[in-house]
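> Below is the structure I would like to discuss, written out as structure tokens.
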Amino acid sequence: MKLLRFLLLFITIQLSAQQGGMWIPSLLEGMNEDEMHSLGSKLSAEDIYSVNQSSLKDAIAHFNGGCTSEVISPKGLLLTNHHCGFSQIQSHSSLENDYLKDGFWAMTLENELPNEGLYVEFIVRIEDVTKQALEGVTDTMDERERQAKINSNTNAVEKNTVKEDWQDTKVKAFYEGNQYFLFVTERFEDIRLVGAPPSSIGKFGSDTDNWVWPRHTGDFSMFRIYANKDNKPAKYSPDNVPYTPRHYLPVSLDGVSEDDFTMVFGFPGRTEEYLPAVAIKQIVEKVNPSNIAIREAALKVIDANMKASDKVRIQYASKQARIANSWKKWIGENLGIKKSNAIEERGKLETEFTNALKEKGLEAKYGHLLPEFDRLYKEFEPVNVKRNAFVEVFIRNVELMMLMFRMTQLEQAVSNGEDAFNKSKQSTIERMTAFYKDYDATVDKGVYEAVMPLYTANYDSSIYDKTSFSDLESALKVMEGTPEEVVAKLNADPAYQYTKPFVEEFYTSINPEWQRLNTEINALQTQYMTAQMLALPNKRYFPDANSTLRVTYGKVNGYYPRDAVYYLPVSYLDGVMEKYVPGDYEFDVPQRLQDLYKTKDYGQYADSNGKMPVCFIGTNHTTGGNSGSPAIDAHGNLIGLNFDRVWEGTMSDMNYDPNICRNIMVDVRYVLFIIDKYAGATRLIDEMTLVHPKAKKGKNKKKN
């Protein structure tokens, strides 16, 4: 426990004067607060995170567990990315009401659209519970015993935490299991769609521009939180009313300039900043290329069919975006790792670490770590590549295989009794109903034929002509009858017969071996984190992202992507028109936006140079999950909406390099311009508090 107390003290008092990192908002006082002030912030740690009074954290909501959103009005108006709300926009779309193509704007509260299953979650408070989590944990325990004890401890912490009846609790591990925090949360489940620009604005540039700069995408959508009459979370009801937040973000009209302070506040998903070089090498040279090839094959088929049919375009819009996003990210990640010499630099750090162990007399305890990583990752490589490929083929890209994977789980439920089976069957039927709404067997067959050869030589596309799962009606007939009858019909289906052996191999061979090795690697990574902090105490350490609330700060800055080229940090509507290709699914521009550009009718949202800003970049350290996060200025006002990273910097999940890592944000003035001038949804502007923080004189103004 002496080592634990040392590490916690170390984490608390460590000083540095550089950017980068995803910081726990409850621990900003001290080093982080000073560092933010040195970058230009006027905010105190208490302004950002407070339990006793309203603070910025009260305006930040986890959006459906995968994105971030922020409250921007006293009536619970919520802003997030277009791609974060994409599935909700799609679910309300049809050929008659194509909100993906035409956009959607609720001109009254009554027109706002409910979304079943959509939720947002706020953080009420954060508490360090490391001592309780590690109580009774000893060095003599193996990893399974250690984790079982920690799980028991954290379950007790969650159960015994004092909270309101409608609140929830969760404990999360930080610093590879060296520190634990409790989060008390509030979840709101009546979230209604308020507005979204057409995809020609919200997804302008689509796959071609994804992950690159300069960017010209109005990637935003708007929702509203509804609560019961007591302002508490409630399921959807027509009697619910707009939520009154503890805090909402004022919106700045002053824009940004190079070197302005920026803070991004949100829920980053996952980073791996402390991996050994051998792990990064395996991801870049083995795992990513396999995954990229599978998704590239799937995308070629889907893209061609979406271009040929409006029906398919609507059905597959969300799926195509999901597949394409990671595909291009992995390509950029590989390029960034090579450009920044990340593997070589990590190797140099490991040499420094090894020498420090010797100097500090720690070699006997920790000298085995790097050689053991080499041994484990060599053994891990084939099963890691195979497991990733299975997930890509059978769970993420080939829809019939995804459905058959689900059916194997249904068959396994038989062993748990008839009640358990019937419950699983009902859940499966509900999923199938949603599945077939956006399913096209011809498209999926093409994906199967393109993707399956990358996994196995044993494939037969005739199963698509023979299976009962080509449409909902015939699939539901398979679900009729007793458990034994359903299982018999399943096993007689050609698609199920084909898929089942692959799934059995996954469960009996691939996944158990992957889990065994991954558990050993994770245990080693925990020790490695401890050892790095002890051996190299002057290095900068921040906890990896784990979908918990974080603060990352930096500045508006351009960068040099390659020799003799410098990217300015702000893009304008001029660039939209330069990229305009009439009728193109990626670069078409609505006539209304063309007209506004020609007349320069930008209202109060133009930059000081008279141009309409669209996006800007900064040095904030972001990742997946930060989509929709607010970009906040030095005074706590909204200046932008985070939605992407530059291609050269996507490797920041493993290696943040301030020279080339940049996050991309929609300028909030473009958001306002689209809402006001393009859509005419001025009632939404009227809800917001619009401010001029850079003005030498005068006070904040609210537009009426």
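Read-outs: derived from the displayed coordinates by stated rules, not from any lab. These numbers come from a predicted model, not from an experiment. Heads up, the Cβs are rebuilt from the backbone with ideal geometry, glycines too, and the neighbour counts pull from every protein chain shown.
> Among C84, C67, which comes first, then next, by fewest other beta-carbon atoms within 10 Å?
Details: C84 22, C67 25.
Lowest count first: C84, C67.
> With the calculation restricted to Cα positions, what are the radius of gyration and Dmax of the chain in angstrom?
Over the chain's Cα set, Rg and Dmax evaluate to 25.9, 78 Å.
> May I pose another question? Give, rounded to the nearest 20 debye, the magnitude of the charge dipole that region 502-574 has about its Cα centre when Lys and Arg contribute +1 at Cβ and Asp and Glu contribute -1 at Cβ. The partial results should precede the final answer.
Working: 6 positive and 7 negative charges, 115 e Å.
Dipole about the Cα centre, nearest 20: 560 debye.
> Using the charge dipole of region 277-528 (Lys, Arg: +1 at Cβ; Asp, Glu: -1 at Cβ; taken about the Cα centre), state which of Y528, F380, V398 has its Cα farthest towards the positive end.
Looking along the dipole axis, the top candidate is Y528.
> Counting other beta carbons within 10 Å of each Cβ, put K311, K57, K489 in order, fewest first.
Listing K311, K57, K489 from fewest to most nearby Cβ atoms yields K311, K489, K57.
> What residues qualify as long-range amide H neighbours of D544, i.e. H under 5 Å apart, gap of 5 or more or another chain, H built at 1.01 Å from N?
Amide H neighbours of D544: Y175, E176.
> OK, next. Could you give the dipole magnitude of region 552-685 about its Cα centre, charging the beta-carbon of Lys and Arg +1 and that of Asp and Glu -1, in debye to the nearest 20?
My answer is approximately 360 debye.
> At q = 0.24 Å⁻¹, what is the log10 ratio I(q)/I(0) for region 566-621, with the Debye formula run over Cα points and no solvent?
Taken in order of the listed q values, log10 I(q)/I(0) reads -1.02.
> Using the reciprocal of the averaged 1/r over all distinct C-alpha pairs, how large is the Kirkwood radius of region 277-528 in Å?
Evaluated over region 277-528, this radius sits at 20.8 Å.
> Peptides 149-157, 649-657: what's the order by average Cβ count within 10 Å, highest mean first?
Listed from highest to lowest mean packing, they are 649-657, 149-157.
> Evaluate 2.2 N^0.38 Å with N set to the residue count of region 343-462, then give the Cα radius of gyration divided by it.
Scaled against compact globular proteins, the figure is 1.73.
> What list of ³J(HN,Hα) values in whole Hz, one per residue of region 554-559 in order, does the Karplus curve 6.51 cos²θ - 1.76 cosθ + 1.60 (θ = phi - 60°) give from phi, with Gly and Pro shown as x?
Rounded to whole hertz, the list is x, 9, 6, 8, x, 6.
> Relative contact order (percent) for the chain, with alpha-carbon contacts under 8 angstrom and 6 or more residues of separation?
Worked out over the chain, it gives 23 percent.
> So for region 277-528, averaging the separation of alpha carbon pairs under 8 Å that are six or more residues apart and normalising by length, what relative contact order in percent results?
Reported as a whole number, the value is 27 percent.
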